[in-house]
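The values are calculated or read from the model by the stated rules, or taken from the named source; none is laboratory data. In this text, all values refer to a predicted model and were calculated from it rather than measured experimentally. Glycine also receives a Cβ, built like all others from the backbone with ideal geometry; neighbour counts cover every protein chain displayed.
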Amino acid sequence: MSNLLYYERNLPHRLPPGSDIFLTFRLADSLPAATIARLRAQFHTGENQLPEATYAEQRRYFGRFDQLLDEAAHGATWLRHPEIANLVGGSLQHFNGIAYYLRCYCIMPNHVHLVVSLEDGAPALAETLQRIKGYTALQANKHLCRTGQFWQRETYDHIVRSGDEMQRVIAYVLNNPVKAGLVESWEQWPYTYWQEF
């Protein structure tokens, strides 16, 4: 699995070392299958489409996807439990400086946003994410006295292209609880990390 710099499931994934990457992963069944199918049907990137048009399409897709997650109208919200949110935050911090440089994260009730920087020669990010999700799923299921799939298998990822975009993405991550109506200021959300704060 060490060559997972590019792979495809339902979406294309490009995770090259030397990149800054915005990631989102969510709890299993946090969105209905019919909703996901409808969103995918609306997501069109043609082979002859210009990169700027593809990028704009991906942003629209993700914006709608994230809005639905913020509503938390379907599925479990196990990340509301402080023990589970802290478990996930601790796992993200564990790999900081080892597999990536952690710029920020926000743990929402049913999903996680994070921004990482990969150095040249960094371990494959897909492997690191698999380790994080596997460990936290096992521990969270024990804590919740449950079995079964905890995380959705696929992770949304996006390469951050510039310093200006990095500032926008970090602001987006930090303000996610504000946008969702959970707090009035991002500093009030206990499951947020920003390396510059």
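Are any residues in the range 101-122 buried (at least 19 other Cβ atoms within 10 Å of the Cβ) and over 15 Å from the mean Cα position of the chain (by Cα), and if so, which ones? Let's see the steps before the verdict.
Here is the first cut: in the range 101-122, the ones buried (at least 19 other Cβ atoms within 10 Å of the Cβ) are 102-116, 118, 122.
Of everything in the range 101-122, those that are buried (at least 19 other Cβ atoms within 10 Å of the Cβ) and over 15 Å from the mean Cα position of the chain (by Cα) turn out to be Leu118, Ala122.
Which members of the range 87-100 meet the condition of being crowded, with 16+ Cβ neighbours inside 10 Å and under 13 Å from Ala122 (Cα atoms)? Of everything in the range 87-100, those that are crowded, with 16+ Cβ neighbours inside 10 Å and under 13 Å from Ala122 (Cα atoms) turn out to be Phe95, Ala99, Tyr100. All conditions but one from (1) outside any loop (DSSP other than H, G, I, E, B); (2) among the aliphatic types (A, V, I, L, M); (3) at pLDDT below 95; (4) out of contact with any helix residue (DSSP H, G or I) (no Cβ under 7 Å at 6 or more places or on another chain) apply to Leu138; the one that does not is (3). For the range 142-154, does any single residue satisfy the condition of being over 16 Å from the mean Cα position of the chain (by Cα), basic (Lys, Arg) and outside any loop (DSSP other than H, G, I, E, B)? Within the range 142-154, one or more residues are over 16 Å from the mean Cα position of the chain (by Cα), basic (Lys, Arg) and outside any loop (DSSP other than H, G, I, E, B).
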